[in-house]
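Student: One structure is given below, represented as structure tokens, and several questions about it will come after.
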Amino acid sequence: MYRKSKWKCGYNLVVLGHGNNEKSVPQLLIRDLKFEKSLAKLMFSPDQENHPSKAPVKYGELIVLGYNGSLPNGDRGRRKSRFALFKRPKANGVKPSTVHIACTPQAAKAISNKDQHSISYTLSRAQTVVVEYTHDSNTDMFQIGRSTESPIDFVVTDTVPGSQSNSDTQSVQSTISRFACRIICERNPPFTARIYAAGFDSSKNIFLGEKAAKWKTSDGQMDGLTTNGVLVMHPRNGFTEDSKPGVWREISVCGNVFSLRETRSAQQRGKMVENETNQLQDGSLIDLCGATLLWRTAEGLSRTPTVKHLEALRQEINAARPQCPVGFNTLAFPSMKRKDVVDEKQPWVYLNCGHVHGYHNWGNKEERDGKDRECPMCRSVGPYVPLWLGCEAGFYVDAGPPTHAFSPCGHVCSEKTTAYWSQIPLPHGTHTFHAACPFCAHQLAGEQGYIRLIFQGPLD
């Protein structure tokens, strides 16, 4: 037998009796949409909280996958988990101008030493093509890479799944280029953003050496690829509840689109894809071979849940007083400021069935291997992990309640958000792909890669 307990907060938690009957399985049901409507005022972007007329124009934001709202040791300067691209006070964009063909290395060096941007294509020891770039008053340029030199606007380091400190990533030999890519944004509406492989160094140069893949285009221009490449995937149907994964492509130094090489650093380029462009759209993924970035447009972010919205959902679920079926203690998600510290009231879940408990030693038998535990509710055996709220709002495709969790990491978010990321193949290594949790970068496991959470309500 069971009885239902209802609260004004909008959750309907079913109190469990005995037995394994499906009808007696406790479920977290959303029955009251008034709460969602009351949160509408929290659904505007941070820019809208101020005076929109005075706010600078935002082109969009880059968010690094694998971090739950900030870097492990906190965001500092140009090294952070999220980077906003704003219209610059003065345009700093560049565009190709003069092409110097059949230069000797000495002549190429002389041209490159000019106080202007250039790209050098080394064809042989005796021949280099240099393309000079001139100022473009209609665009802003932003550069991303591993280097901490001044030309880099957004410093990105290799993402280590589940890393708890920056020291976890420093032992890894980086595969991210020092000057990985550049994004060019139009200063006038619709503020189109385009991505290009490679970035200009402190001398305002890009050098493609003899071993780099490069070629002459049909119109006589030069183009090339960086060593490990810059890959881009545009989702179908935008970044919404109806989003579907697109096809991964490689972007050249000049912004042309190609199919993937056989391996990440192969000499032979893929086939050119004529009907696709390097224009970024809301939800585009950019992979730098060691870190993957999510591009969110300003318009897309205005429809995305804010941190305030996620905090309200956290308080809402805690107000429903979910309970551990074994210890009968009330469970609560810790505050977002303590998102990496296991709390005494932390909810835990059995990943094979989705039953939510507090931490206890029931079913922790010595003969069981590793983290596998037996669920006291349904006797299924599997991993038993703490639940963590997904705090990076930019990863959410909708504003739904936190009813599902990724497996095996236990990060919690909306059902449609887990469904979306579980079907996205993210580059891994030099030629493999797998789905991963956007909040910690752990490779997903299980049939779906996520589970529905089953909470129990209080007995009083």
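Student: For the range 125-145, what are the residues that are surrounded by fewer than 17 Cβ atoms within 10 Å (Cβ to Cβ) and farther than 29 Å from residue 210 by Cβ?
Tutor: Answer for the range 125-145, where residues must be surrounded by fewer than 17 Cβ atoms within 10 Å (Cβ to Cβ) and farther than 29 Å from residue 210 by Cβ: 135, 137, 138.
Student: Select from the range 247-273 the residues that are of a type in the set (Gly, Ala, Ser) and either in contact with a Gly (Cβ under 8 Å, 6 or more places away or on another chain) or at pLDDT 95 or above (or both) and list them in ascending order.
Tutor: 252, 255, 259, 265, 270 - these are the residues of the range 247-273 that are of a type in the set (Gly, Ala, Ser) and either in contact with a Gly (Cβ under 8 Å, 6 or more places away or on another chain) or at pLDDT 95 or above (or both).
Student: Can I ask one more? Going through the range 35-76 one residue at a time, which ones are in a loop (DSSP other than H, G, I, E, B), open to solvent by 60 Å² or more (accessible area, probe 1.4 Å) and at pLDDT below 85?
Tutor: Across the range 35-76, the qualifying residues are 44, 50, 51, 52, 53, 54, 73, 75.
Student: Give the residue that is modelled with the highest pLDDT, with candidates limited to residues of the range 168-203 that are under 16 Å from residue 291 (Cα atoms) and of a type in the set (Ser, Thr, Tyr).
Tutor: Of everything passing the filter in the range 168-203, 177 is modelled with the highest pLDDT.
Student: Taking the conditions exactly as written (surrounded by 14 or more Cβ atoms within 10 Å (Cβ to Cβ) and at pLDDT 95 or above), does residue 158 satisfy them or not?
Tutor: no
Student: Oh, and also: When the residues of the range 246-298 are narrowed to those that are in a strand (DSSP E or B) and open to solvent by 20 Å² or more (accessible area, probe 1.4 Å), which ends up farthest from residue 206 (Cα to Cα)?
Tutor: If we take residues in the range 246-298 being in a strand (DSSP E or B) and open to solvent by 20 Å² or more (accessible area, probe 1.4 Å), then 297 is farthest from residue 206 (Cα to Cα).
Student: I need the strands (runs of 3 or more DSSP E) fully contained in the range 342-446, keeping only those with at least 1 residues that are open to solvent by less than 20 Å² (accessible area, probe 1.4 Å) and either touching a strand residue (DSSP E or B) at 6+ places or on another chain (Cβ under 7 Å) or not assigned by the TED database to the domain that holds residue 330 (or both).
Tutor: Fully inside the range 342-446 and qualifying: 348-350, 372-374, 381-386, 404-406, 411-413, 426-428.
The values are calculated or read from the model by the stated rules, or taken from the named source; none is laboratory data. Quantities reported herein were computed from a predicted structural model and do not represent experimental measurements. Cβ coordinates were reconstructed from backbone atoms using ideal geometry, including for glycine residues, and neighbour counts include every protein chain displayed. In case anyone asks, the SASA skips ligands and DNA or RNA and just uses the protein heavy atoms, side chains included. Shrake-Rupley method; radii C 1.70, N 1.55, O 1.52, S 1.80 Å.
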